[in-house]
1. Could you point to the residue in THR246, GLN348, GLN197 farthest towards the positive end of the chain's charge dipole, with +1 and -1 charges on the Cβ of Lys/Arg and Asp/Glu respectively?
2. Compute, for the range 176-259, the length of the dipole vector about the Cα centre, with Cβ point charges of +1 (Lys, Arg) and -1 (Asp, Glu) only. Units Debye, rounded to 20.
3. Please compute the length gained on full extension between LYS139 and THR82, using 0.36 nm multiplied by the number of residues separating them and subtracting their Cα-Cα distance.
4. Can you give the log10 of the normalised intensity I(q)/I(0) at q = 0.19, 0.25 Å⁻¹, computed with Debye over equal Cα scatterers of the range 329-387?
5. May I ask for the distance between the Cα centers of the range 105-130 and the range 144-195, given as a whole number of Å?
6. Length gain on complete extension for the stretch THR411 to GLU425, per 0.36 nm per residue less the alpha carbon to alpha carbon distance?
7. Which residues does the label zone of LYS329 cover in the range 36-67, counting backbone N under 17 Å from a point 7 Å along Cα→Cβ?
8. Name the residue from VAL111, ALA178, ALA336 whose Cα lies farthest towards the positive end of the charge dipole of the chain, charges +1 on Cβ of Lys and Arg and -1 on Cβ of Asp and Glu.
Amino acid sequence: MSTRPGRRAVLATGLAAGVTAALSGCATGGTGSKGGPAPEVKKADDKQLKGTITVWSWDVAAKAMQRLAKDFQSKHPGTTVTVRDIGYDSAYDKITVGLKSGSGLPDVLTVEGPRMVTYMGNFPQGFYDLSKLAGPLEKDFDKASWKTVVNPQGKTVALPWDIGPCGMFYRRDYFRAAGIKAESILTWDDYVKAGEQLKKRTGRKMLILDSVEDSTFAMLLQQQGQHFYADGKVAVDSPEGVKAATLLKTLADKGLVDYQKGWDGLVTGTKEGKAATESTAAWWMGTLTAEMPELKGKFGVMPMPAFTSGGVRTSNRGGSVLAVPGQSKSPELAWAFVEFLLASVPNQVSMLKQEGLFPAYLPALADPYMSSPQEFFGGQAALKVFADLAPSTPPVEYTKDGAKATEIMYTAISGILTRGKDPKEALGSAAAQIASATGRQRIAG
């Protein structure tokens, strides 16, 4: 499911402040089975699968599982799968309380990838070890998302569900009016030049950013193969970080940015045609088609510009996993349901078609549906752009201290965008603050 900018931007990198407070002081909190590490789950014979399990999720993810649970139950008579939509806004409070107290959690949990890393770090006994069952499937899943399901002890404790491979959405009509050819934009330098041309010829901006809670910096950082931490050290002021922040400052200084607040501002600004491009995840397709049907035929999709010629042209925004809490009394049945959902091409493609969940399961990316022309995008096979990009998404390191870095980086990037702060100095200051807040070393300085 999507991890969206603005209101949901913090979710891409860690826990929100309230949940972070709940986690503080619990580096070894949570319990598996009777206070010890949760044991490995053994694969059960289909004939042995009986009983009832409960699943927690929200929004379209819950709808997808409610729909496919019926097929699972038909395939396995004597089983019942109850999927509860617990609502996104309170989901992590409920999960955190359950992990801290050692009780009250369901048999299967939906968790966003970076949040899962935080939970694995803070609650090492909180989830069943799925290594023997999930391990053989690793080659079939997106490499970047797989890093979010392996705990610090090297155990696989969840299975990736959906991902957010990134590309660049652009207004065909705006590019045409400015004499810009999309295929000529190969690097971010090309992008800046195209933005200047767009502004000169049409007066329009190139992109929309949130000046208060920007999540674009993290996306640009991952495009270069890094996140806020590297080898356990604070890395926001690395050369890659400076490149990303300098790009954002350049776009701002040249007047190519339209500032909008949060998710609603992004949607409204796009609908009103405030900017020509949006570099973001595949799930943005669903927002465009659902919220802006009147713009059918005006958008195209292409890979993101690279930082260097021939470089990586994608990143990731969003994505989730399914885990089996150590409190589950039916872990074998829980795993069977997770495997049924996520290690199946028909089920993954079904969830993409009906709920817009872009699969982390790589075999599903070869399905013919990915190459289908889409009327909204002028007949372009837009999904194929993301399917082709997904395998090259750089894996990055997340830690349990993601939330602390996120809040500090919001302030740092805001200063660069709106107050003209020098990127290298601002990132150096942010790195020092993160190091102080987490007790981690810095890679520089």
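FYI, it's all coordinate maths here, none of it is from the lab. Quick caveat, the model's predicted, so the values are computed rather than measured. Because the Cβ atoms are built from the backbone with ideal geometry, glycine has one as well, and the counts that use them run over all protein chains shown.
1. After comparing all options, I get GLN197.
2. 580
3. Length difference between fully extended and current span is 17.5 nm.
4. Results for the range 329-387 at q = 0.19, 0.25 Å⁻¹ read -0.68, -0.99.
5. 27
6. 3.7 nm
7. Of the residues in the range 36-67, 49-56 have backbone N under 17 Å from the label point off LYS329.
8. ALA178
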